[in-house]
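Here the structure comes first, spelled out in structure tokens, and everything after it is commentary.
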Amino acid sequence: QVQLVESGGGLVQPGGSLRLSCAASGSIISINAMGWYRQAPGKQRELVATITGGGSTNYADSVKGRFSISVANAKNTVYLQMNSLKPEDTAVYYCNANLWTPDRNLEVWGQGALVTVSS
């Protein structure tokens, strides 16, 4: 059983910063890629950022230049550093991992972390 546990969400003022963490645990052989998605009220879930095992990153245009994704491989943890936050960044942020267990390839989601950008 694999779990992704997110932390770091909360309330922040516009222009502020926040860092989300997502730690993967369980019987993990390797992680192919990890990423962050978000779902704002009344909207579809959208890709925010991804990072592959080779270190390649990809960002949504709406966050490019403001957000940064990184990993700590030894801890199977992915981070999302969010700077210059805007009210439109308000959403539930979900961590995602594509990984290998001893017997299968899995796509796993975190529980979600609420980020509220407001004065």
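Of the residues making up segment 3-45, those that are under 26 Å from residue 73 (Cα atoms) and in contact with a Leu (Cβ under 6 Å, 6 or more places away or on another chain) are 8, 9, 20, 22, 24, 28, 31, 36, 37. Tell me yes or no: at least one residue of segment 44-53 is outside any strand (DSSP E or B) and under 14 Å from residue 109 (Cβ atoms). Within segment 44-53, one or more residues are outside any strand (DSSP E or B) and under 14 Å from residue 109 (Cβ atoms). Within segment 35-55, if we keep just the residues that are modelled with pLDDT of 95 or more and either at positive phi or among the hydroxyl-bearing types (Ser, Thr, Tyr) (or both), the residue that is most open to solvent (accessible area, probe 1.4 Å) turns out to be 37.
Across segment 83-98, the qualifying residues are those that are assigned to a strand (DSSP E or B) and not small (Gly, Ala, Ser), and the one among them that is farthest from the chain's Cα centre (by Cα) is 98. If you go through segment 11-30 and keep only what is assigned to a strand (DSSP E or B) and over 14 Å from the mean Cα position of the chain (by Cα), you end up with 11, 12, 25, 26, 30. Within segment 14-34, the residues that satisfy the criterion of being over 21 Å from residue 65 (Cβ atoms) and surrounded by 16 or more Cβ atoms within 10 Å (Cβ to Cβ) are 21, 22, 23, 24, 28, 31, 33.
Just one of the listed residues (68, 118, 84, 62) is on the phi > 0 side of the Ramachandran plot, among the polar types (S, T, N, Q) and at pLDDT 95 or above, and it is 84.
The values are calculated or read from the model by the stated rules, or taken from the named source; none is laboratory data. The structure displayed is predicted, hence computed values, not measured ones. Cβ atoms come from the backbone with ideal geometry, glycine included; neighbour counts cover every protein chain shown. Surface areas here come from the heavy atoms of the whole protein model, side chains and all, with no ligands, DNA or RNA. Shrake-Rupley method; radii C 1.70, N 1.55, O 1.52, S 1.80 Å.
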